[in-house]
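Here the structure comes first, spelled out in structure tokens, and everything after it is commentary.
The values are calculated or read from the model by the stated rules, or taken from the named source; none is laboratory data. Remember, predicted model here, so these are calculated numbers, not experimental data. No Cβ is skipped: glycine too gets one built from the backbone with ideal geometry, and neighbour counts run over all protein chains shown.
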Amino acid sequence: MSDLGFGIVGTGFIAGILADAITRAPGAHLAAVSSRSLAKAQDFVEGRSGVAAVEGLETLLARADVAAVYVAIPTAAKEAVTLAAIAAGKHVLVDKPLPDAEAVRRMTQAAAEKGVLFMDATHFSHHPRTATIRAESAARIGRPRSLNTTFYFPFDDRENIRFDPAQEPMGAVGDMAWYSMRAVVEYLRPAGALTKVSVVPERDPATGAVIRLSGVLGFESGESATLDVGYTAGTAIMDLSLLGTAGMITMDDFVLDWHDSFPFDHPDTPVGFVHRSGMAHRSAFDFVETPSDLPQEVRMIRAFADAVASEAAEDWGAYSKASLETQTLLDAIWRACSA
């Protein structure tokens, strides 16, 4: 079986990260990169042996060596490009966030009807740590009842699209709170519907973009989630606490692990999570190591290629379901933010 050939739409920073991940991932290879400007595509592929630079989406989608497309463009343009790729019979990996839940429904339905895979590009979902926590949380902490997440990166470049509401309407909400909401989907897994949302947003005075948000969500089955995200803390923070009826799981790198991810490379720092229960003192907290043979962004590409090869409808549906659940929660936060 040949490797899955990827094409990338877009030439920004995150496209470069995923281009490297595709190159490293077993079962995949990068075939071509497109931009509206051929010169930008050529600059992007410079030094990437065997990768073609093409001008325009249509040219990329017409290539026989491109079976899957990674969409790495501003959120305002993602749905149209994704639907075009699906219509061309390409599997699609779409950078987060997505425009809204209705757009997710349209894209995932189109993918299902065409018989291609749809997946959002949330890296941490594919780390062994996520699978371990899902499998062991009931035994370790009982029934999950609340989730607290804090995700900040220091960032104040007003020329970046994150500060452009026309291209990225949700600002830091879409950029950062997406991960908090995916953590709700992956770890808290509330049994009931969302019933309460309250948020405190902060907007950039020059651009109007949301640059910080604190909030709380409540579910009819009693679970709750709090989040604090943005660009204004002056340091990188990626803290998560999952509280259950019999204990607690915490980590300080839930989005991008310190050990081996594209912004961090600290091989002497083990990756995993802390488990605590009862009246345990800090010295008795249990660190559960969850090593990975590959960075999580590379594992994501491998999982995508494996899913395409397996043609397992159940797995494909699970990916679409996670995207919709995450975006639905994000939309609720955004509506509260905009009220």
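Strands (runs of 3 or more DSSP E) fully within region 1-118 that include at least 3 residues being modelled with pLDDT of 95 or more and within 22 Å of ALA307 (Cα to Cα): 4-9, 28-35, 68-71, 91-94. Candidates THR235, THR250, THR269, THR245: the one that is in contact (Cβ under 8 Å) with a residue 40 or more places away in the chain and closer than 19 Å to THR132 by Cα is THR245. A single member of ALA72, ALA64, ALA77 is surrounded by fewer than 20 Cβ atoms within 10 Å (Cβ to Cβ), of a type in the set (Gly, Ala, Ser) and either under 22 Å from PRO99 (Cα atoms) or not assigned by TED's automatic domain parsing to the domain that holds VAL308 (or both), and it is ALA77. Go through the residues of region 324-335 one by one and say whether even a single one is part of a helix (DSSP H, G or I), small (Gly, Ala, Ser), under 16 Å from PHE118 (Cβ atoms) and at pLDDT 95 or above. No: region 324-335 contains no residue that is part of a helix (DSSP H, G or I), small (Gly, Ala, Ser), under 16 Å from PHE118 (Cβ atoms) and at pLDDT 95 or above.
Within region 250-268, the set of residues being under 22 Å from SER214 (Cβ atoms) and not in a loop (DSSP other than H, G, I, E, B) comprises THR250, MET251. Of all residues in region 23-35, exactly one satisfies the criterion of being under 12 Å from GLN296 (Cα atoms) and crowded, with 22+ Cβ neighbours inside 10 Å, namely ALA25. Figure legend. Inter-residue proximity from region 311-325: first residues free of Cβ contacts under 8 Å to residues at least 60 places away in the same chain and over 17 Å from ALA110 (Cβ atoms), second residues not aromatic (Phe, Trp, Tyr) and not in a loop (DSSP other than H, G, I, E, B), beta-carbon distance below 7 Å, spacing 6+ or different chains. Indicated pairs: ASP315/ALA307. Being within 19 Å of the chain's Cα centre (by Cα) and crowded, with 18+ Cβ neighbours inside 10 Å is a condition met by no residue of region 274-281.
Say whether the condition of being within 30 Å of ARG158 (Cα to Cα), within 21 Å of the chain's Cα centre (by Cα) and at pLDDT below 95 is met by at least one residue in region 238-251.
Checked against the condition, which is being within 30 Å of ARG158 (Cα to Cα), within 21 Å of the chain's Cα centre (by Cα) and at pLDDT below 95, region 238-251 yields no hits at all.
Scanning region 241-266 for residues being aliphatic (A, V, I, L, M) and more than 23 Å from ASP228 (Cα to Cα) gives a total of 1.
Would you pick out the residues in region 90-120 that are under 25 Å from LEU240 (Cβ atoms) and either buried (at least 21 other Cβ atoms within 10 Å of the Cβ) or among the hydroxyl-bearing types (Ser, Thr, Tyr) (or both)? Passing the criteria: LEU93, VAL94, ASP95, LYS96, PRO97, LEU98, VAL104, MET119, ASP120. Taking first residues from region 163-175 that are in contact (Cβ under 8 Å) with a residue 40 or more places away in the chain and partners that are in a helix (DSSP H, G or I) and among the polar types (S, T, N, Q), the Cβ contacts under 9 Å between residues at least 6 apart in sequence or on separate chains come to GLN167/THR75; GLU168/THR75; PRO169/THR75; MET170/THR75; GLY174/THR75.
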